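Asker: Let me give you the structure first, and then I'll get to my questions.
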Amino acid sequence: MKRFLFKVCMAGEGGVGKTSLIIRFCQNRFTEEYKPTLGADFAVKKVKIGDMEVTLQIWDLSGQERFEIMRKYYFKGASAGVLVFDVTRPETFLLINRWIEAFYKHSGGGFLVLVGNKIDLEDKRLVPPQAGEMITKWLNIPYFETSAKTGENVFDVFTFVAEKLLEKTW
């Protein structure tokens, strides 16, 4: 069995659900408690794709502004980035451009995936699916909508990332 290791950075404003997505993917659980990430944290999860094992080292970057200066070091060497916004908070969507610019500037060639999170909060939704789809067509990056709470599409995002990383490697 061939084995691969890739660094993946989660990015986006504070409170969009980056940590919750990682916990759902790595541990298949969800907690309502919000604890902001201080600086960065990371988790490791193995994904089997055919006869290959892909280990994703998932870096969880703080969305808090005071940690902005450190992000360039965390993005360095990232093979992929998962850029997350909260569909109930339009300001998190409007600020994604700065995350895109920072990732491309500092990662050294990684690719991005855009994720609209918290789709379980349909009655509070303020960013329609078409907004995310428009941005991804414009920037030519994939778009997913997820719910860390229910698990909807979470595994699809990370499986897609693992598959895309393998494609780029071969």
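The values are calculated or read from the model by the stated rules, or taken from the named source; none is laboratory data. Worth saying up front: this structure is predicted, and the values here are computed from it rather than measured. Glycine also receives a Cβ, built like all others from the backbone with ideal geometry; neighbour counts cover every protein chain displayed. Only protein heavy atoms, including side chains, enter the accessible area calculation; ligands, DNA and RNA are left aside. Shrake-Rupley method; radii C 1.70, N 1.55, O 1.52, S 1.80 Å.
Asker: Pairing the Cα long axis of helix 129-139 with the longest principal axis of the chain, what angle in degrees results, from 0 to 90 and rounded to the nearest 10?
Answerer: Orientation of helix 129-139: about 50 degrees from the principal axis.
Asker: Taking every pair of alpha-carbon atoms in segment 69-170, give the share separated by more than 18 Å as a whole percent.
Answerer: On the way: 2528 of 5151 pairs.
Of all Cα-Cα pairs in segment 69-170, 49 percent lie more than 18 Å apart.
Asker: Round to the nearest 0.05 the FRET efficiency obtained for Glu122 and Thr159 when R0 = 30 Å and r is the Cβ-Cβ distance. List each step's numbers first, then the result.
Answerer: Numbers: r = 24 Å, r/R0 = 0.81.
E between Glu122 and Thr159, to the nearest 0.05, is 0.80.
Asker: At R0 = 45 Å, how high is the FRET efficiency between Met134 and Met1 if r is their beta carbon distance? Nearest 0.05 is fine.
Answerer: Values: r = 40 Å, r/R0 = 0.90.
In this case the efficiency is close to 0.65.
Asker: So what's the angle, to the nearest 10 degrees on a 0 to 90 scale, between helix 96-107 and the longest Cα principal axis of the chain?
Answerer: 20
Asker: Same structure again: Return the percentage of antiparallel bridges among DSSP beta bridges fully within the chain, rounded to the nearest 5 %. Walk me through the numbers on the way to the answer.
Answerer: Working: 10 of 33 bridges.
Around 30 percent of the beta bridges assigned by DSSP in the chain are antiparallel ones.
Asker: Given Cβ point charges of +1 (Lys, Arg) and -1 (Asp, Glu) and nothing else, what value in debye, to the nearest 20, does the dipole of segment 91-170 about its Cα centre take? Don't skip to the answer; put the middle values down first.
Answerer: On the way: 9 positive and 11 negative charges, 61 e Å.
With Lys and Arg at +1 and Asp and Glu at -1, about 300 debye.
Asker: Now, a different point. Using Cα atoms only, what is the angle between the long axis of helix 154-169 and the major principal axis of the chain, expressed in degrees (0 to 90) to the nearest 10?
Answerer: Orientation of helix 154-169: about 40 degrees from the principal axis.
Asker: Would you please name the trypsin sites (Lys or Arg not before Pro) within segment 134-170 that are DSSP coil residues with at most 12 other C-beta atoms within 10 Å of their C-beta? Don't jump to the answer; show the numbers that get you there.
Answerer: Numbers: sites: Lys137, Lys149, Lys164, Lys168; in loops: Lys149.
Loop-located and lightly packed - none at all.
Asker: Okay, next question. Among all stretches of the chain without exposed GluC sites (Glu not before Pro) (DSSP loop, at most 13 other Cβ atoms within 10 Å), which one is longest? Write down the numbers at each step before the final one.
Answerer: Numbers: sites that count: Glu32, Glu33.
Excluding the exposed sites themselves, the longest stretch runs over 34-170.
Asker: Here's another thing I want to ask about it. Rounded to the nearest 10 Å², what accessible area does Met52 show when all protein chains are kept and the probe is 1.4 Å?
Answerer: Its accessible surface works out to 40 Å², give or take rounding.
Asker: Modelling each spin label as a point 7 Å along the Cα-to-Cβ direction, I'd like the Lys76/Phe42 distance in nm, to one decimal.
Answerer: 1.3
Asker: Give me the accessible area of Phe30, 1.4 Å probe, in Å² rounded to the nearest 10.
Answerer: 70
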